Amino acid sequence: MAKRRNVWDLVKRAAGPAAALLVIAFFGGYALAGPNGVIAWGDYRHQLEKKQAELTKLEARKKAIANRVALLDPRKANPDLADELIRERLGYAHPDEIIIPMDQIDPVR
């Protein structure tokens, strides 16, 4: 009976540290392989580089659009741009003009 009691006391004394080790192992594994863990860090870095490149392109496009809007301001519209848009959208051209569509030209090699 004394042996059985010693084993039960040993189990009781080991339960606390065993539970603590399980909790530490769980959080350690989560920190390593979880969605925000060390392994996912490389993927996040790759996504950040990709998104920064996309942001640079979008900022350049935004700048071009802002410039075009400034040129089309009704109070001081750029005559060349207004003429270009009228000819493009409405199909107006002088009889002596030659129109060369740019999307059909092969690039010079």
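Measuring with a 1.4 angstrom probe and ignoring ligands and nucleic acids, Arg45 comes out at about 120 Å² accessible.
Measuring nothing but protein heavy atoms, the accessible surface of the chain at 1.4 Å probe radius is 64 percent carbon and sulfur. Using the Cβ of Glu49 as centre and a radius below 15 Å, the other residues enclosed give a net charge of +2, where K and R count +1 and D and E count -1. Against the main long axis of the alpha-carbon atoms of the chain, helix 2-33 sits at an angle near 10°. Using Cα springs under 10 Å in a Gaussian network model of the chain, which residue among Ala15, Ala53, Ala40 shows the largest mean-square fluctuation? Ranking Ala15, Ala53, Ala40 by mean-square fluctuation puts Ala15 first.
Projecting the Cα atoms of Ala33, Tyr92, Pro74 onto the dipole axis of the chain, where Lys and Arg carry +1 and Asp and Glu carry -1 at the beta carbon, places Ala33 farthest toward the positive end.
The slack between His94 and Ala82, meaning 0.36 nm per residue of separation minus the straight C-alpha distance, is 2.8 nm. Surface exposure of the chain, expressed per residue as accessible area with a 1.4 Å probe, stands at 98 Å². Computed from Cα positions, the angle between helix 38-71 and the longest principal axis of the chain comes to roughly 20 degrees.
The values are calculated or read from the model by the stated rules, or taken from the named source; none is laboratory data. What you see is a predicted model, and the numbers here were worked out from it, not measured in a lab. Because the Cβ atoms are built from the backbone with ideal geometry, glycine has one as well, and the counts that use them run over all protein chains shown. In case anyone asks, the SASA skips ligands and DNA or RNA and just uses the protein heavy atoms, side chains included. Shrake-Rupley method; radii C 1.70, N 1.55, O 1.52, S 1.80 Å.
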